[in-house]
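Written out below as structure tokens is the structure these notes cover.
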Amino acid sequence: MTDVLPAGSLAGKVALVTGSSRGIGADTVRYFAEAGADVVINFRNKAPRAEKLASQLRELGVRALVVGADLTDPASVASMFEQVEQEFGRLDILVLNASGGMESGMAEDYALTLNRDAQLNVLSAARPVLGEGSRVVFVTSHQAHFIRTTPTMPEYEPVALSKRAGEDALREHIPSLAEQGIGFTVVSGDMIEGTITATLLERANPGAISARREDAGRLYNVSEFAAEVAQAAVDPVPADNTRLVGDTGGFAAE
Ligand SMILES: NC(=O)c1ccc[n+]([C@@H]2O[C@H](COP(=O)([O-])OP(=O)(O)OC[C@H]3O[C@@H](n4cnc5c(N)ncnc54)[C@H](OP(=O)(O)O)[C@@H]3O)[C@@H](O)[C@H]2O)c1
């Protein structure tokens, strides 16, 4: 993996990435550990993957706490931050990466429950451990960020609407976060090559991903997008609290 954040640049810091047993979250948490941060790996189902990642990261000389927590369950979120408090006493970086809503067999409002309500609850449960100078990053897709002006594939629409609702609800907290010296950045990216979401959407709309790749010129892969997410947690907060990754052609600004 490329050296995104300089080695040692996050020594003494503590970073938690939700949904970090796999995919973009796992690569993001790895970048933080490679930069010397102690990390919290959160998973819902993939305990063995989370433990395996934690062992690899400990070999870098950092501490890695693994916490199973379904973010839609407030009790398990509360318990996660109790464990963070006990183990590290504080949090310097919180990345709200976990997402979902295309799983089968879930309640009709599950996407909103996870992508809006749970995100707000995680932020509020994290506030006591987030100190002056800490950072919160919310990860989203262009298809969600621009959903109010640019339609998306029907299969993804409920997820896109719920993620945008989550983004809007989190943004309402920017002034109070700023008052406490906590920076907030939204990172939005196009479809990412090789992800389960992209695979599911391609299956439902054969050719959709290659068409998007052609329009955009190229699509980021998981590790490239994770590098942007990790970088967003240390770069100055953009004036509009938004970091758009890759091409935004075809998406209309509001
Ligand atoms: N995929 C794309 O093309 C794309 C493009 C742009 C932006 N993004 C954004 O990047 C982020 C990560 O995407 P991804 O494709 O890596 O997602 P993913 O492969 O679907 O992974 C989602 C992660 O969230 C966790 N998760 C799901 N439901 C959860 C819950 N109720 N409680 C706790 N954790 C839960 C999963 O944990 P388990 O594995 O343990 O279930 C998994 O680690 C998302 O915010 C997404 O919107 C993705």
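The values are calculated or read from the model by the stated rules, or taken from the named source; none is laboratory data. Keep in mind the model is a prediction, meaning the values are calculated, not measured. Note: ideal-geometry Cβ built from the backbone for every residue, glycine included; neighbour counts use all protein chains shown. Surface accessibility is based on the protein's heavy atoms, side chains included, excluding ligands, DNA and RNA. Shrake-Rupley method; radii C 1.70, N 1.55, O 1.52, S 1.80 Å.
At a 10 angstrom cut-off on C-beta neighbours, averaged per residue, how do the peptides 231-240, 8-17, 172-181 rank from highest to lowest?
Taking the mean over residues of other Cβ atoms within 10 Å, the ranking is 8-17, 231-240, 172-181.
Which aspartates and glutamates, if any, have their Cα less than 13 Å from the Cα of Lys46, not counting same-chain residues under 8 positions apart?
Once the sequence-local aspartates and glutamates are set aside, what remains near Lys46 is Asp70.
Take each of the peptides 127-135, 63-71, average the number of other beta-carbon atoms within 10 Å over its residues, and list them starting from the highest.
Numbers: 127-135: 16.2, 63-71: 19.4.
Order by mean packing, descending: 63-71, 127-135.
For segment 115-205, what's the relative contact order in percent, using C-alpha pairs closer than 8 Å and at least 6 residues apart?
With pairs under 8 Å counted, the relative contact order is 42 percent.
Output the antiparallel fraction of DSSP beta bridges having both residues in the chain, as a percent to the nearest 5.
Percent antiparallel among DSSP bridges in the chain is about 0.
Rounded if a/c is under 1.5, else prolate if a/b beats b/c, else oblate: with a ≥ b ≥ c from the C-alpha gyration tensor eigenvalues square-rooted, which is segment 73-180?
Since a/c reaches 1.5 but b/c is at least a/b, the shape of segment 73-180 is classed as oblate.
Might you report the magnitude of the Cβ-based charge dipole of the chain about its Cα centre, with Lys and Arg at +1 and Asp and Glu at -1, to the nearest 20 debye?
Charge dipole, the chain, about its Cα centre: 380 debye, nearest 20.
So if each residue of separation counts as 0.36 nm, and I subtract the Cα-Cα distance between Glu87 and Glu155, what length gain in nm does that give?
Working: separation 68, 0.36 × 68 = 24.48 nm, distance 4.06 nm.
Full-extension gain reported as 20.4 nm.
Which of the aspartates and glutamates could a cross-linker bridge to Lys52, judged by Cα under 17 Å and excluding same-chain residues fewer than eight apart?
List returned: Asp27, Glu34, Asp38.
When the Karplus curve 6.51 cos²θ - 1.76 cosθ + 1.60 is applied with θ = phi - 60°, which whole-Hz ³J(HN,Hα) does each residue of segment 186-196 get, with x for Gly and Pro?
3J(HN,Hα) across segment 186-196, in whole Hz: 8, 10, 10, x, 6, 3, 10, 4, x, 8, 5.
With a cut-off of 8 Å between alpha carbons and a minimum separation of six or more residues, what is the relative contact order of segment 39-112 in percent?
Averaging sequence separation for qualifying contacts and normalising by length gives 23 percent for segment 39-112.
Is the shape of segment 167-254 best called rounded, prolate or oblate, per the rule: a/c under 1.5 gives rounded, else a/b larger than b/c gives prolate, else oblate, with a ≥ b ≥ c the square roots of the Cα gyration tensor eigenvalues? Present the calculation step by step, with values, prior to reporting the outcome.
Values: a/c = 2.37, a/b = 2.14, b/c = 1.10.
It comes out prolate by the Cα gyration axes.
Please give the per residue accessible area of the chain, computed with a probe of 1.4 Å over protein heavy atoms only, in Å².
Spelled out: the 1.4 Å probe surface of the chain, per residue, equals 44 Å².
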